[in-house]
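What follows is a set of notes on a single structure, which appears directly below.
The values are calculated or read from the model by the stated rules, or taken from the named source; none is laboratory data. Computed from a predicted structure; not experimentally measured. Cβ placement follows ideal geometry from the backbone for every residue including glycine, while neighbour counts extend to all protein chains displayed. Surface accessibility is based on the protein's heavy atoms, side chains included, excluding ligands, DNA and RNA. Shrake-Rupley method; radii C 1.70, N 1.55, O 1.52, S 1.80 Å.
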Amino acid sequence: PAWGSEWFWWHWQGQHEAAYERFVRRRFPPGTTYAEFAPHFTAYDFQPRQWAQLFQRAGARYVVLTTKHHEGFTNWGSPVSWNWNSVDTGPHRDLVAELGEALRESNLRYGLYHSLMEWFHPLYLADKQNDFKTQSFVFKKTMPELYDLVLKYKPDLIWSDGDWEAPDSYWNSTSFLAWLYNDSPVKDTMVVNDRWGRGCSCHHGGFYNCADKFRPGTLPHHKWEMCSSLDRLSWGYRSNMSLAEVMDEMSMIEELVQTVSLGGNYLLNVGPTKEGVIVPIFQERLLALGRWLDTNGEAIYESQPWRVQVENTTDTVWYTSKGPVVFAIFLLWPRDNVLCLSSPIPSPGTQVTLLGIGGTLEWQKQPGKGMLITLPYMLPSPLPPQSGWVVKLQGVK
């Protein structure tokens, strides 16, 4: 229906929210069921190569496709989702395969998002009724699909979700993961997240998500990923989205910088339309991020957290490092063109450059500790300049 949220079915028929009931009443014939929306999902304009090209230009190194959300509809011909998949109905295409092919041609890693549970599946509801003491749904639906995805598409990453209502023993997660890492065709290259059963998140997994849009206050001890969405109110496309609800360029760059400084990866979501199109405003944002990374990627890709992640005097200067090199990423341009850094300890041989600009910058030791860097003069402009610049520091401690 492309309205409200990707949790549409649940809000409409799980919680009977008035706005959703009204939406269906006004726009569809009486007695409409959720299943009747499937034929409207056509993917007529889906061009996987264009997607791959866009993601590459956005600076992405890996892409995660939703193969199945909590509603159970699969974007490939799942053998255990008869007539509720993109091959039997809707697009009549294997979307998981098509995107995978295009991404691999572009040398991008391919991740598959998969929801363990399904809101209204009769077998899941029966297991839930039995307090998850029975596992009919897991053995007849969840596990066959996970094995099928791995064997068919050999993904680089599995982004599991929909685990929170039941323990990992119900989901059979440990046996699946043991197979994945010991016997599967991707055992040596596979990465997984942390959503494999109630209480698992932030404690077990290849990398931690902890929560959607998770922002740790301090440097986590484990590899993690921040998943965010360009539409601040939804992960799926909404026809009722307004411009004010779309993340702007500055917010995107800030999220990326803060995440990477704290040792995380950044997974930025776009919800495509039912025709299979990524709307122009999302494309524009992704390309803006790509342009920023073209200039400043050296401070982001393959970087490590430094001994200080953020200046204690301000939250607008963040640090990353690569071997002996330190990068200071400042989100606001200082009014007097002098950047004041209190954390790095300079030496007589310290060299400072601004990424994207040739030549070295002048600097001096700050009274007390740290350094003052003279930035190039920027022409006065009524508009605030773009966000995020990087000074590369060599020969500091």
The stretch 7-292 - share of DSSP beta bridges that are antiparallel (%, nearest 5): 10 percent
Rg [Å, one decimal], Dmax [Å, integer] - the stretch 84-219, C-alpha atoms: 15.8, 48
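Could you pull out the pairs from LYS223/LYS365; LYS128/LYS223; LYS365/LYS397; LYS140/LYS213; LYS187/LYS213 whose alpha carbons sit more than 24 Å apart here?
Values: LYS223/LYS365 35 Å; LYS128/LYS223 33 Å; LYS365/LYS397 13 Å; LYS140/LYS213 32 Å; LYS187/LYS213 29 Å.
Listed pairs above 24 Å: LYS223/LYS365; LYS128/LYS223; LYS140/LYS213; LYS187/LYS213.
So how much slack lies between VAL279 and THR218, counting 0.36 nm per residue of separation and subtracting their Cα-Cα distance, in nm?
Numbers: separation 61, 0.36 × 61 = 21.96 nm, distance 3.52 nm.
Here the segment from VAL279 to THR218 would lengthen by 18.4 nm.
Could you work out [θ]222 nm for the chain from helices alone, using -39500 (n - 2.57) per DSSP H run of at least four and dividing by all its residues? Round to the nearest 500 deg cm²/dmol. Don't jump to the answer; show the numbers that get you there.
Values: 9 runs with 94 residues, N = 397.
Result for the chain, helices only: -7000 deg cm²/dmol.
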Peptides 108-118, 74-84 ordered by average Cβ neighbours within 10 Å, highest first: 108-118, 74-84
Added length on full extension, which subtracts the Cα-Cα distance from 0.36 nm per residue, ASN312 to TYR62: 86.8 nm
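Multiply the residue gap between GLU36 and GLU302 by 0.36 nm, knock off their C-alpha separation, and tell me the result in nm, one decimal place.
On the way: separation 266, 0.36 × 266 = 95.76 nm, distance 4.62 nm.
Stretched fully, the GLU36-GLU302 segment lengthens by 91.1 nm.
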Calculated FRET efficiency for the pair ARG27/LYS152, C-beta based, R₀ 35 Å, to 0.05: 0.45
Nearest-0.05 FRET efficiency for ASP294 and THR360, computed from C-beta distance (R0 35 Å): 0.95
C-alpha long axis of helix 280-296 to longest principal axis of the chain, angle in °: 40 degrees
Distance between modelled label sites at LEU287 and ASP336, nm, 7 Å Cα→Cβ extension: 4.0 nm
Per principal axis, descending, Cα span of the chain in whole Å: 72, 48, 39
Accessible heavy-atom area order of ARG232, ARG27, ARG195, highest first, probe of 1.4 Å: ARG27, ARG232, ARG195
Cross-link reach list, aspartates and glutamates versus LYS392, counting only Cα pairs under 17 Å and skipping chain neighbours closer than eight places: ASP294, GLU298, GLU302, GLU311, GLU362
